[in-house]
Amino acid sequence: ASVAKPEFEIRRGIVEGPDLLCILGAPNEAAGGDEAYEAKCTQGKKVHLGVLTIDRSDPGHIKIGLPENQDWIALYRCR
């Protein structure tokens with residue numbers, strides 16, 4: 001049996017995935033080719049307020065840096 005991989009969706013103003021919902025606000029200054037937004041992210045029962053970073057520098061995957069702790073989540077395209 002195959003294991004279903006978690007699905008993330010990045011669309012205008014929202015990043016959504018398993019146990020994660022981020023509402024994006026105003027664009028913010030970002031380093032290099034990154035995108036950054038003021039954001040409110042809810043992960044389980046925990047709420048993160050601050051800057052969410054989206055790194056599209058690697059063609060194989062996108063990385064999302066959550067506000068406050070800047071833990072990175074790497075997202076890979078479904079094959």
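Every number in this text was worked out from the coordinates using simple rules, so none of it is lab data. In this text, all values refer to a predicted model and were calculated from it rather than measured experimentally. Here the Cβ is made from the backbone with ideal geometry for all residues, glycine too, and neighbour counts use every protein chain on show.
Put +1 on the Cβ of every Lys and Arg and -1 on every Asp and Glu Cβ in the chain; which of Gly25, Gly13, Gly50 then has its Cα farthest towards the positive end of the dipole?
The one lying farthest along the dipole's positive direction is Gly13.
If you scale each eigenvalue of the Cα gyration tensor by 5 and take the root, what three semi-axes come out for the chain, rounded to whole angstrom and sorted largest first?
Each semi-axis is the square root of five times an eigenvalue, giving 21, 16, 10 Å.
Computed FRET efficiency, Cβ-Cβ of Leu49 and Arg11, R0 22 Å: what is it to the nearest 0.05? If you can, show how the numbers build up before the last one.
Details: r = 21 Å, r/R0 = 0.94.
The calculated FRET efficiency here is 0.60.
Label-point separation (nm) for Leu21 and Asp71, each offset 7 Å from Cα along Cα-to-Cβ?
For Leu21 paired with Asp71, the spin-label model returns 1.9 nm.
What does the net charge come to around Glu29 if you take all other residues with beta carbon closer than 15 Å to its beta carbon, with K and R at +1 and D and E at -1?
Overall, the nearby charge balance is -4.
P(r) for region 11-54: what percent of alpha-carbon pairs falls in each 10 Å bin, starting at zero?
Histogramming region 11-54 at 10 Å steps yields 31, 53, 16, 0 percent.
Under a point-charge model restricted to the Cβ atoms of Lys and Arg (+1) and Asp and Glu (-1), what is the dipole moment magnitude of the chain relative to its Cα centre, in debye to the nearest 20?
300
Distance between the C-alpha centers of region 50-79 and region 8-30? Whole Å please.
Using only Cα atoms to place each centre, the spacing works out to 10 Å.
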